[in-house]
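Taken together, the values in this text are just the output of simple stated rules run on the coordinates, not laboratory data. All of these numbers come straight from a predicted model, not from anything done at the bench. No Cβ is skipped: glycine too gets one built from the backbone with ideal geometry, and neighbour counts run over all protein chains shown.
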Amino acid sequence: SFLGWGVSDVVRNLTTKNVVKVGAETISNQTLLYYFKKAVTHLQKKMSNEEIKSLDLEKQVLDELIRQSLLRQEVKRLGLVATDRAVKERIQIQPAFQVDKKFNHYKLKEFLENRRMSEHDLIEEVQKDIVNEQLISSIGRGFTIPKPYLDFLVQGVYQKRKIELVEFSFDSWKSNAM
């Protein structure tokens, strides 16, 4: 298991520094480690440790956290929101939560338990999906992208970033566990 690889040593070294600042948000070492561990745990069900090691997973996780931060900040700037009604409807139409094409609360509870999620976590995830879809669909409808938004996107791609990257040694974690 991942926790047997010596993660406690890594956690001790990651308690005070931030990895990167993205606009008004900061991605902490703790956040990076949390999502890195979550990704490794998920991948261990499908891949060997050697395959996982070859993925450059730390960079992928950090890139995803940066992308999410940029999207979250732009959604906030534009004032996009997911109404309670839209979230409820989105959840209720999911086939995983239906029996005979009707919403079934027990199916929802079972789904949440299997994924060790709370209802609040699911609602936040659905809200995020809805507002991200609003943002992305507004671009894809053939509208001209407003200059401030285009500038934001270009700045996100070409901006200079000061990044302190934490290097995870997969082998050392594994050897510490033995």
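Taking loop as defined by DSSP and a crowding limit of 10 other beta carbons within 10 Å, which trypsin sites (Lys or Arg not before Pro) in the range 14-115 fit? Before the final figure, lay out each step's value.
Values: sites: 17, 21, 37, 38, 45, 46, 53, 59, 67, 72, 76, 77, 85, 88, 90, 101, 102, 107, 109, 115; in loops: 17, 45, 46, 101, 115.
Answer in residue order: 45, 46, 101, 115.
Taking each pair of distinct Cα atoms in the range 49-103 once, what is the resulting Kirkwood hydrodynamic radius in Å?
14.7
Residue 151 to residue 47: FRET efficiency via 1/(1 + (r/R0)^6), r the Cβ-Cβ distance, R0 45 Å, to the nearest 0.05?
Between residue 151 and residue 47 the formula returns 0.65.
Within a Cβ distance under 13 Å of residue 24, other residues only, what is the Lys/Arg minus Asp/Glu net charge?
+2
Short version: what are the Cα gyration tensor semi-axes of the range 38-143, square root of 5 times each eigenvalue, largest first, in whole Å?
Ellipsoid semi-axes (Å, largest first): 27, 24, 12.
Summing +1 for each Lys or Arg and -1 for each Asp or Glu, what net charge is found among the other residues whose Cβ lies under 14 Å from the Cβ of residue 126?
My count for the surroundings of residue 126 gives -3.
Could you work out how much longer the chain between residue 96 and residue 64 gets when fully extended? Use 0.36 nm per residue separation minus the Cα distance between them, nm to one decimal.
8.9 nm
Go through the range 77-118 and name the chymotrypsin sites (Phe, Trp or Tyr not before Pro) that are in a DSSP coil and have 12 or fewer other Cβ atoms within 10 Å of their Cβ.
Answer in residue order: no site qualifies.
Among the listed pairs 38/88; 37/101; 37/107; 101/128, which have their C-alpha atoms separated by more than 31 angstrom in this model? Kindly include the intermediate steps, with their values, before the conclusion.
Details: 38/88 27 Å; 37/101 36 Å; 37/107 28 Å; 101/128 25 Å.
Beyond 31 Å: 37/101.
Provide the gained length on full extension for the span residue 137 to residue 106, in nm with one decimal, where the gain is 0.36 nm per separating residue minus the Cα-Cα distance.
So the extension gain works out to 7.9 nm.
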